[in-house]
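Let me begin by presenting the structure, written as structure tokens, before commenting on it.
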Amino acid sequence: MKQKIKEKKDVFTDISELPGVGPATAEKLKEIGYSTIESLATATVAELEVAGIGEKRALELIELARQAIEVSWVTAKELAAIRSSVGRLSTSSKALDALIGGGIETQSITEFFGEFGCHSADTQVLTPHGVRDWREIEVGDVVLGVDRTGRLTESKVKRVYVYHYIGPMMHLVSGEYDLLVTPNHRMVFKPACSLMPYRYVPAATVAEFSSGSLMSRFVYEGYTAPERLEVHNCPGLRLPEDADRLRTDRLLRLIGLYISGGFIHRLNDEERVAIRTDGSIELARQYLEDQRMSFRVDGDMVIIDEQWLTEYLKIYGTAGEDKTIPSEVLSMDRRHLSVIFETLVRRSGSGDRFVYRTKSRRMRDAMLLLGLKLGYTASFITRELPSSGRETYEMYFTGGHGGHWERSSNLEAVQYRGTVWCLETSTGNFFTVRNGTVSFSGNSGKSQMCHQLCVNVQMPPEKGGLGGAALYIDTENTFRIERIEQMAKAAGLDFDEVAERIIYSEAYNSDHQILLLEKADKIIKENNVRLVVIDSLTAHFRSEYTGREMLAERQQKLNKHMHRLGRLARAFNLVAVVTNQVMARPDEFFSPIAVSPVGGHIVGHTSHTRLHIRKTSGKNVRVVRLVSSPYLPEGEVLIKITEKGIEDADVPEKR
């Protein structure tokens, strides 16, 4: 065989060194993302024309760049030798690494997709300050949640998810709860006759049982109020000299009477508290005499001649529409909260059921919180007064066990089209209000695999890493440096060093996302980047390109974006990871794969390995299923998410 003679070629290290590329052209090319020979070699003529380069000249530049990096054909045997340089990045789970052939491989794109459990758009959020529309909730806000011991607590919002959804929803409804959620949304449920505690399970799993109960009773421990009067939130108030005589529980009963039927009475330029409530004058007189307060009866009113009390009760509102219970009082212990609750409500029929009516939205919200803290399920009906057009709220509180669920009477499958939303909170759960009914369920959450990979890639190859840096493109504000710190310390790495080698940028829209990747090659080269993460790939595209008329343009941009990522993975021998959103498959209502990734065939064909992550009934346990791979069989494993990061789930938890 004749020896092949290699033609001597010029070697260029920067695009400005290419013949005929002056500083101005080089600058234009760099502005649109072509700052290396490799990026120019994989460009198209149309892409270079954006920089004002003619078609002929663009062809010449691309050819020069390709010659410089010696693009050539190889045999399958030679390809095997080239493939020997493919690296593997550990996920920190031995089972998952084995499933995908030893770890996530370089020179290809790996896609993680997982569904979000969401609420319908007409569902609101219950916070420590009342009911709020989910559109008003932002990251960092506080909502009402439940800690691991079942105690009511404040829960910080970590992320807010909002999507357009078409597909099946599950309506779980009774007099004690009202939830319209996607089938994968996490519920806190216990089957009937089960000795197991309440557990997080998808709504679709709840439907597999004939009966059970949704968690609706919680533990509350407020601060122990002093036996004698302690006034809050009323600066400048001068108490009487003998204030020690005023008992807190008696004052709370008087406050209840004032909220129910009291107002500020003005007479001769003086303000005094007046109470006018059906059948309560004698009760008011009893409390006032017991506390040795000055008062007088004027017809059907009791007028209290205590100026300090008039000023103090103003913080509870001065008229029916603005009455409320201050947060300082709502933070008291159950014994004192029961005093004010019993004064406000009226028993409705037999059993542990009470009713309360108010014109004040603030009072409505305060009573919802008060009922929950005392162990009642709470709901309300909104009515409009014909005379004034103002709203009035009829509230119901029910004791007992609560939360009973029957598949035959408390479940309805419906088709839904519209906006859905969910929160990720620090407690993993939160309270909602729908159709006036307070309900409790788990929150949404996304795989934390990307964070784990950002730490692992920095380890040496013998420990499952690649000895390089990570580049993170964040499209949903998902990156949390606090999580990186936890994982780094668990891996025995110095947090400051790990954080220094994660290069981060937030993409504000799809065009910005595309631009960041186009400009990434220079950063990759200068920082020895061995992992590129786009989290999430389709979020911006899905929200910006809505409707069938925009589908083609969206898919074209996604196609170009994904191929750009694949070229970077091959050119720099790095791991490329994308996360993806999902859409429902109405034909697979109760299937574990009742969703499919967004992006269609474009994303499906350019992602070499696709992994579906879904929640299970086990706490912090996830099922990871290998859906697609060029050479590996389908399969699934269990992993566990702990404070340390991703781990193997040693013992599969059974439902």
>> I want the antiparallel fraction of DSSP beta bridges within the chain, as a percent rounded to 5.
In response: 80
> In a Debye calculation with equal point scatterers on the alpha-carbon sites of the stretch 251-408 and no solvent, what is log10 I(q)/I(0) at q = 0.11, 0.17, 0.18 Å⁻¹?
Replying inline: -0.47, -1.06, -1.16
>> I need the per residue convex hull volume for the stretch 405-555, using only the alpha carbons, in cubic angstrom as a whole number.
In response: 184
> Could you give the accessible area per residue of the chain, probe 1.4 Å, as a whole number in Å²?
Replying inline: 47
> Applying 1/(1 + (r/R0)^6) with R0 = 35 Å to the Cβ-Cβ distance of residue 45 and residue 83, what FRET efficiency is obtained, to the nearest 0.05?
Replying inline: 0.70
> Rounded to the nearest 5, what is the percent of antiparallel bridges among the DSSP beta bridges in the stretch 345-401?
Replying inline: 100
> Could you state the principal axis extents of the C-alpha atoms in the stretch 65-129, from the largest down, to the nearest angstrom?
Replying inline: 66, 36, 19
> With every protein chain present, what accessible area does residue 97 have (1.4 Å probe, heavy atoms only), rounded to the nearest 10 Å²?
Replying inline: 20
> Which semi-axes, in whole Å and largest first, does the equivalent ellipsoid of the stretch 369-446 have when worked out from the alpha carbon gyration tensor as the square roots of 5 times its eigenvalues?
Replying inline: 26, 19, 16
>> Tell me the Kirkwood radius of the stretch 65-178: reciprocal of the mean inverse pair distance over distinct alpha-carbon atoms, in Å.
In response: 20.2
>> Below 8 Å between Cα atoms, with a sequence gap of 6+, how large is the relative contact order for the stretch 480-575 in percent?
In response: 28
> Once the piece of chain linking residue 419 and residue 267 is laid out straight, how much longer is it, given 0.36 nm per residue of separation minus the C-alpha distance between them?
Replying inline: 49.3 nm
> Do the sum for the chain: with -39,500 (n - 2.57) for every DSSP H run of n ≥ 4, divided by all residues, what is the mean residue ellipticity at 222 nm, to the nearest 500 deg cm²/dmol?
Replying inline: -8000 deg cm²/dmol
> For the stretch 639-645, in order, what is each residue's ³J(HN,Hα) by Karplus, 6.51 cos²θ - 1.76 cosθ + 1.60 with θ = phi - 60°, in whole Hz (x at glycine and Pro)?
Replying inline: 10, 10, 9, 10, 4, 6, x
>> As a test of reading the structure, rank 315, 523 by solvent-accessible area (1.4 Å probe, protein chains only), most first.
In response: 523, 315
> What does the convex hull of the Cα atoms come to per residue for the stretch 116-232, in Å³?
Replying inline: 161
> Accessible area, 1.4 Å probe, largest first: how do 563, 171, 336 sort?
Replying inline: 563, 171, 336
> If one puts a single equal scatterer on every Cα of the stretch 316-444 and applies the Debye formula without solvent, what log₁₀ I(q)/I(0) results at q = 0.21 Å⁻¹?
Replying inline: -1.36
> Does the stretch 373-417 come out rounded, prolate or oblate, given a ≥ b ≥ c as the square roots of the eigenvalues of its C-alpha gyration tensor, rounded meaning a/c under 1.5 and, failing that, prolate meaning a/b above b/c?
Replying inline: oblate
> Just how many % of Cα pairs in the stretch 460-507 lie over 11 Å apart, if you round to the nearest whole percent?
Replying inline: 72
> Ordered by residue, what ³J(HN,Hα) values in Hz, to whole numbers, does the stretch 268-275 give under the Karplus form 6.51 cos²θ - 1.76 cosθ + 1.60, where θ = phi - 60° and Gly and Pro are x?
Replying inline: 6, 6, 10, 10, 9, 6, 10, 10
> How much accessible surface does residue 303 have with a 1.4 Å probe, in Å² rounded to 10?
Replying inline: 0
> With all protein chains present and a 1.4 Å probe, how do 300, 333 order by accessible area, largest first?
Replying inline: 300, 333
>> Compute the orientation-averaged projected area for the stretch 403-473 from the convex hull of its Cα atoms and round it to one decimal in nm².
In response: 9.1
> When the convex hull of the C-alpha atoms of the stretch 15-134 is computed, what volume per residue in Å³ does it have?
Replying inline: 264
> Just for the stretch 419-512, what percent of DSSP beta bridges are antiparallel, to the closest 5?
Replying inline: 55
>> Rounded to two decimals, what is the ratio between the C-alpha radius of gyration of the stretch 268-315 and 2.2 N^0.38 Å?
In response: 1.10
>> From Cα pairs below 8 angstrom and at least 6 apart in sequence, can you work out the relative contact order of the chain, rounded to a whole percent?
In response: 20
> Using 1/(1 + (r/R0)^6) with R0 = 41 angstrom and r between the beta carbons of residue 544 and residue 355, what's the FRET efficiency to the nearest 0.05?
Replying inline: 0.25
> Normalised by the number of residues in the stretch 126-200, what is the relative contact order in percent for Cα pairs under 8 Å and 6+ residues apart?
Replying inline: 17
> Where the eigenvalues come from the Cα gyration tensor of the chain, what are the semi-axes √(5λ) of the equivalent ellipsoid, largest first, in whole Å?
Replying inline: 63, 27, 22
> Karplus couplings for the stretch 193-199 from phi (6.51 cos²θ - 1.76 cosθ + 1.60, θ = phi - 60°), rounded to Hz, Gly and Pro as x?
Replying inline: 6, 8, 8, 6, x, 4, 9
> Roughly how much of residue 644 is accessible, in Å² to the nearest 10, using a 1.4 Å probe?
Replying inline: 130
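The values are calculated or read from the model by the stated rules, or taken from the named source; none is laboratory data. Treat the numbers as computed from the prediction; the structure is a model and nothing was measured. Methodologically, a virtual Cβ is constructed for each residue, glycine included, from the backbone with ideal geometry; neighbour enumeration extends over all protein chains shown. Accessible surface areas use protein heavy atoms only, side chains included; no ligands, DNA or RNA. Shrake-Rupley method; radii C 1.70, N 1.55, O 1.52, S 1.80 Å.
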